[in-house]
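Colleague: Once you've had a glance at the structure underneath, I'll fire off some questions.
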Amino acid sequence: MASFTLENFNIYDLSLFVGVGFLCLVGLMIHSFIASVSVMDWLKKRQMNAVDQVITALSVFRVLFQVSNMTRMLLKLFNQRTLIIRILLGWSTFSLIMTSYCNIYLSALLSAVFCFKVCSFHNVIFQCLKKLIVQRLGCVIVASMLVSLLLGSFVIYELILDQYSNVTNERIETRYTYYATIVNFVPFFVQVFSSISLIVFLHLHLRKMKSTSNLNVQLDPIYHVLKGIAFCFLTYFVQILCDLLTAYFYTSLSTIVAFIIWNACPCVHSIYLIRTTTRLRNHFSRIPCWGTNSLFKRRAP
């Protein structure tokens, strides 16, 4: 992957690096807020449903993903011939790939859990899947972590082999594109299945309400869920598309451009989770009040 070092660092790179660093800190604060709120609720032994559990795991891995991305971008500035820099760069790359796959798989799991929470289909297969995933959610989260660990190890192994073999950049980009397509197929299928199931269920529910001449039916919650489905699916689709593009242009893509692409969608999705989740929104609304009270207490004589 094309990169920049301290030797060829110009004013444009410096300004771009500072801007990206600021955006990175904002994203890290957003993910850390969700993770800290979820962890504090868990330590206080408050009851957390299946959606909250997946959001907790997702936010923790997004924090690790952000830190790994920051570390890798900073290490690219130094001389990569140094052994310690190469070791740290390899470790940060492995952590980046693993947490990226965790982000993709847990995002798909979040959509599936939300689908099982809202939908009440009486189909035998649907009920079996719901019972299997919801009742063994911890095992599914751990399985997602293990799969991401194996995939990350495999990609790092391929990267090491490519450094010691005479392989053209075109073949490397093509092979990594195939890997990214295979890895993203299962979570993308889960996302599509969950979105279609939610839309079908809401359509049947709305038609049932109209057939019973129920004039008191509230359409705002249904429209709110439909907007959420469209937004999450669009965000997830763009995230997978960016992952495929990053794999295809791996050897020619700038480090900063790859950093921006990989961090945009998770940050936007985390902001949406804060906005739509009551628990997170209530904690977030306390931050301005806490800041205002602290400011007035300091100014008070």
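The values are calculated or read from the model by the stated rules, or taken from the named source; none is laboratory data. Worth saying up front: this structure is predicted, and the values here are computed from it rather than measured. Backbone-built Cβ (ideal geometry, glycine too); neighbour counts: all protein chains shown.
Colleague: Among Arg72, Arg62, Arg86, which is farther than 27 Å from Ala264 by Cβ and either part of a helix (DSSP H, G or I) or not hydroxyl-bearing (Ser, Thr, Tyr) (or both)? Can you show your working first?
Modeller: Details: Arg72 fails: farther than 27 Å from Ala264 by Cβ; Arg62 fails: farther than 27 Å from Ala264 by Cβ.
Residue meeting the stated conditions: Arg86.
Colleague: Shifting gears a bit: Mind checking which pairs have a first residue in segment 29-43 that is under 19 Å from Cys267 (Cα atoms) and modelled with pLDDT of 85 or more and a second that is among the basic types (Lys, Arg) and in a helix (DSSP H, G or I), Cβ under 7 Å, 6 or more apart or different chains?
Modeller: Matching pairs, first to second residue: His31/Arg62.
Colleague: Do the conditions hold for Lys227, that is, is it at pLDDT 75 or above, assigned to a helix (DSSP H, G or I) and over 30 Å from Thr93 (Cα atoms)? It would help to see each step written out before you state the result.
Modeller: Values: at pLDDT 75 or above: yes; assigned to a helix (DSSP H, G or I): yes; over 30 Å from Thr93 (Cα atoms): yes.
Spelling it out, Lys227 is indeed at pLDDT 75 or above, assigned to a helix (DSSP H, G or I) and over 30 Å from Thr93 (Cα atoms).
Colleague: Turning to a different aspect of this structure: Go through segment 117-131 and give me each residue that's at pLDDT 80 or above and closer than 13 Å to Ile199 by Cα.
Modeller: Hits for segment 117-131 are Val118, Cys119.
Colleague: Looking at the structure I just gave you, is Phe189 at pLDDT 75 or above, in a helix (DSSP H, G or I), aromatic (Phe, Trp, Tyr) and more than 19 Å from the chain's Cα centre (by Cα)?
Modeller: On the way: at pLDDT 75 or above: yes; in a helix (DSSP H, G or I): yes; aromatic (Phe, Trp, Tyr): yes; more than 19 Å from the chain's Cα centre (by Cα): no.
Spelling it out, it is not the case that Phe189 is at pLDDT 75 or above, in a helix (DSSP H, G or I), aromatic (Phe, Trp, Tyr) and more than 19 Å from the chain's Cα centre (by Cα).
Colleague: Out of all the residues in segment 76-98, is one or more closer than 24 Å to Val225 by Cα and not acidic (Asp, Glu)? Can you show your working first?
Modeller: Of all residues in segment 76-98, those closer than 24 Å to Val225 by Cα come to none.
Among the residues of segment 76-98, not one is closer than 24 Å to Val225 by Cα and not acidic (Asp, Glu), which makes the answer no.
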